[in-house]
């Protein structure tokens, strides 16, 4: 009787050794793979910045002025940066500088130059973006605002979810819609800077403008290539603002019900238009309410209005903001600041003890700020209306007025950033 020879096999110890080796190899390879993927995502984000910059350059070449910032302040005193042409439309209660919103956002105006011509052609600039009235062809601004514009989204941002754009009533159940939410943006047009040469924030008062300086893209569109005294390559237009951890509520009213707080204007075709409740489409404010009960966002401790703007959305002109710095350090000079203006209060990321980021608070009604405490649901904290990115390396991508884009390190000085925003501060800013 023949006995079959036993085939050689692996012992349990040998198998464990092989598994351990494979585990070690995977552990060595995965970081490299993740790094390569992030490098690709970062490259895409850089390309987005370049595409937006080029779209602005083409807009300026076509219209002989830079696009609107979307937001800003209108003053009824003095002769500001060509704002005196608009002063006659303002009441005396606005002498301290009323919050102003353009009916078109920065992104709405450049859509036609960034492969979104079909959306741009259907947009009605005389109506707010939340208006649901159908234009010829069956589209409304509200429906168009649900468009997911890939160029405006940085793929490195894994914190922001689609629902943070807020529900879009015109898009729900509509086969023409990309999604049922408003489209969002990870980039922030720069409307102004209100930081003085010492690094402190100095906001407008009843008789002066403080340190408030309009950026090259301003709410009334008063700038073009010839008005930029510091040079186009030394003037910032927009920067990254990604990583929002909730649907944020702005501090302005989405509507014209209270012109002492917020006015809405249109700057297309010569003299700016002041929209009023007597005009079709402006009879009521946006009916949306803040997404979180008790949300305190940007209003100095008071609850937001029932109809707030939403900076997350590319169609909302409040997607623009000023360079102001985090509120927990805005009263400090540059020499005493611990937080950078770029990526401020980034150290504490959302986790088990942080609902939003920037603070350990779990309360949407929490409004305190202090050393190391600047919850991202509060205006100017972290990713809420300030330069912010989720890239490794500590910085953000920035688009300049000459159509170029650059990486700005978060360690750059406060004063240099201030001068890069102001198109006419009298110095050609270098060294960034």
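The values are calculated or read from the model by the stated rules, or taken from the named source; none is laboratory data. On a predicted model such as this, the values are computed, not experimentally measured, just so you know. Reconstructed Cβ throughout: ideal geometry from the backbone, glycine too, with neighbour counts over all protein chains shown.
A few points about this structure:
- Here residue 19 passes the criteria (1) modelled with pLDDT of 80 or more; (2) in a helix (DSSP H, G or I); (3) surrounded by 12 or more Cβ atoms within 10 Å (Cβ to Cβ) except the one numbered (3).
Every residue, every condition in (1) free of Cβ contacts under 8 Å to residues at least 40 places away in the same chain; (2) under 26 Å from residue 98 (Cβ atoms), yes or no:
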{"site": "167", "(1), (2)": "yes, no"}
{"site": "171", "(1), (2)": "yes, no"}
{"site": "179", "(1), (2)": "yes, no"}
{"site": "193", "(1), (2)": "no, yes"}
{"site": "221", "(1), (2)": "no, yes"}
{"site": "227", "(1), (2)": "no, yes"}
{"site": "232", "(1), (2)": "no, no"}
{"site": "236", "(1), (2)": "no, yes"}
{"site": "242", "(1), (2)": "no, no"}
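- If you go through region 204-215 and keep only what is under 19 Å from residue 330 (Cα atoms) and touching a strand residue (DSSP E or B) at 6+ places or on another chain (Cβ under 9 Å), you end up with 204, 209, 210, 211, 212, 213, 214.
- Test result for residue 368, part of a loop (DSSP other than H, G, I, E, B), surrounded by fewer than 18 Cβ atoms within 10 Å (Cβ to Cβ) and free of Cβ contacts under 8 Å to residues at least 24 places away in the same chain: yes
- Any hit, region 375-392, residues being surrounded by fewer than 19 Cβ atoms within 10 Å (Cβ to Cβ) and modelled with pLDDT of 85 or more: no
- Residue, surrounded by the fewest Cβ atoms within 10 Å (Cβ to Cβ), within region 173-195, restricted to residues that are in a loop (DSSP other than H, G, I, E, B) and touching a helix residue (DSSP H, G or I) at 6+ places or on another chain (Cβ under 8 Å): 176
- Candidates 311, 333, 290, filtered to the one that is closer than 30 Å to residue 161 by Cβ and at pLDDT 90 or above: 311
- Subset of region 158-172 [surrounded by 21 or more Cβ atoms within 10 Å (Cβ to Cβ) and either under 15 Å from the mean Cα position of the chain (by Cα) or under 20 Å from residue 109 (Cα atoms) (or both)]: 160, 165
- Checking each residue in region 245-272 for being touching a strand residue (DSSP E or B) at 6+ places or on another chain (Cβ under 8 Å), under 17 Å from residue 105 (Cβ atoms) and either free of Cβ contacts under 8 Å to residues at least 24 places away in the same chain or part of a loop (DSSP other than H, G, I, E, B) (or both) picks out 249, 250, 251, 252, 254, 255, 256, 267, 272.
- Set 199, 250: member being under 24 Å from residue 387 (Cβ atoms), in contact with a helix residue (DSSP H, G or I) (Cβ under 8 Å, 6 or more places away or on another chain) and at pLDDT below 90: 250
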